[in-house]
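None of the figures in this text is laboratory data; all of them are computed from the coordinates on show. Keep in mind the model is a prediction, meaning the values are calculated, not measured. As a convention, Cβ positions derive from the backbone with ideal geometry for all residues, glycine included, and neighbour counts pool all protein chains shown.
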Amino acid sequence: MASPVLAPAPRECCTRTVQHTGTATGSFEVLANVNTYLARSPSNDGQDKHSRIIFFFPDVFGPLYINNQLLIDYFASNGYLVVAPDYFEGDIFDQIRSQPGFDLFDWATKKLTRGKEIIPGWIKAIKAKYGTEATKYAAVGYCFGAPFTLEAAATDLVVAAAIAHPSFLNEDHFKNVKKPLFLSCAEVDQQFPLESRHRAETILAENKAVYHFQLFGGVSHGFAVKGDPDVPNEKFAKEESARSIIRWFDRFSK
């Protein structure tokens, strides 16, 4: 029997965005044949090896999108190497969604399958090039990226994980969590509504997981990446979500 769905495949609410402005400071590198946005900690002094690494699994806009790049750069500025895979393999969402006959469900489902094929090798390449035996890894996933994060949190790969306004999750994703999990949630979220949040909480509590829920009122799905910086409540929620995730990772990676 299939595990009950708690967050379905991406829908229209996942495609709404307010594009942010700023200058990205990271760079792109191909690792295990995957184009990767990479942002280094300013304190690393140009060394290849890093003591703390974040796997950043982006939403449907991917790491080519400025909003994601600026968020990745922020995480890196707090003392991490942050790496984000382009598991969409060059698809720029703002361009492909305007193509005739584009079907979001079909596209996202195929990309999820493809992502699961390429991510294990990509992680192996990251660890080989940038990690050491003492490196501590964390994973964060937004919307489309949530299942990759929870699958990492079901293993010993990471010391902690975080998700925000997820898609593509079922009950088993939460039942299998064995690492500390942070959930940054929106009050208005048809992808992960109140009933799903409560069910996820029940599962985590029953399994005596280490977890924390953060809920922002007055914001909707996508706020942590695509919130409007000109709306004070959305700006606060977006920034506080990022700060809280870094504090969560700091707690377990020091």
Open item on the list: Let me understand the range 110-254 better: what is its radius of gyration from the alpha carbons, and its Dmax, in angstrom?
Closed with: 15.2, 44
Task: the chain - share of DSSP beta bridges that are antiparallel (%, nearest 5) - done: 30
- [ ] Could you pull out every one of the aspartates and glutamates with an alpha carbon less than 19 Å from that of K110, ignoring same-chain neighbours closer than 8 positions?
- [x] E12, D59, D86, E89, D91, D94, E151
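Which value, in debye to the nearest 20, gives the size of the charge dipole of the chain about its Cα centre, when Lys and Arg are +1 and Asp and Glu are -1 at the Cβ?
About 700 debye.
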Task: the chain: relative contact order as a whole-number percent, Cα under 8 Å and 6+ apart - done: 22
TODO: Only helical DSSP H runs with n ≥ 4 go in: add -39500 (n - 2.57) per run for the chain, normalise by residue count and round the 222 nm mean residue ellipticity to 500 deg cm²/dmol.
DONE: -11500 deg cm²/dmol
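How many Lys pairs in the range 170-240 lie less than 14 angstrom apart by Cα atoms, where the lysines are 8 or more positions apart or on different chains? Don't jump to the answer; show the numbers that get you there.
Values: K175/K208; K178/K208; K179/K208; K226/K235; K226/K238.
Count of close lysine pairs: 5.
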- [ ] Give me the distance between the Cα centres of the range 178-204 and the range 45-108, rounded to whole Å.
- [x] 23
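If r is the Cβ-Cβ distance from E133 to N170 and R0 is 22 Å, what FRET efficiency results, to the nearest 0.05?
On the way: r = 34 Å, r/R0 = 1.54.
Plugging the Cβ-Cβ distance into 1/(1 + (r/R0)^6) gives 0.05.
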- [ ] Can you pull the one-decimal nm distance between simple spin-label points at Q47 and V30, each 7 Å off the Cα toward Cβ?
- [x] 3.0
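Which whole number in µm²/s is D for the range 53-165 by Stokes-Einstein, with the Kirkwood Rh taken over Cα pairs at 10 °C and 1.306 mPa s? Intermediate results must be reported in sequence, preceding the final value.
Values: Rh = 14.6 Å.
The calculation lands on 109 µm²/s.
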TODO: Would you please put 74-84, 178-188 in order of how densely packed they are, using the mean number of other Cβ atoms within 10 angstrom per residue and starting with the highest?
DONE: 74-84, 178-188
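Calculate, for I118 and N233, the FRET efficiency according to 1/(1 + (r/R0)^6) with r their C-beta to C-beta distance and R0 25 Å; round to the nearest 0.05.
Details: r = 37 Å, r/R0 = 1.50.
Between I118 and N233 the formula returns 0.10.
Order 209-215, 146-152 from most to least packed using the mean count of other Cβ atoms within 10 Å.
Values: 209-215: 15.6, 146-152: 23.9.
Ranked from most to least packed, the peptides come out as 146-152, 209-215.
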- [ ] Identify which of the listed values of semi-axes √(5λ) of the Cα gyration tensor in Å was calculated from the structure shown: (i) 43, 19, 16; (ii) 27, 25, 17; (iii) 24, 22, 19.
- [x] (iii)
Task: Under 16 Å from the Cα of K254 - aspartates and glutamates, other chains or at least 8 residues apart - done: E133
- [ ] Give the cross-link partners of K116 among the lysines, using a straight C-alpha distance below 16 Å as the criterion and excluding same-chain residues fewer than 8 apart.
- [x] K124
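If you average the sequence gap of Cα pairs under 8 Å that are 6 or more apart and divide by the length of the range 36-142, what percent do you get for the contact order? Before the final figure, lay out the partial values.
Values: 147 pairs, mean separation 45.2, N = 107.
This gives 42 percent for the range 36-142.
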TODO: Please report, in debye to the nearest 20, how large the charge dipole of the range 91-136 is about its Cα centre when each Lys and Arg carries +1 at its beta carbon and each Asp and Glu carries -1 there.
DONE: 300
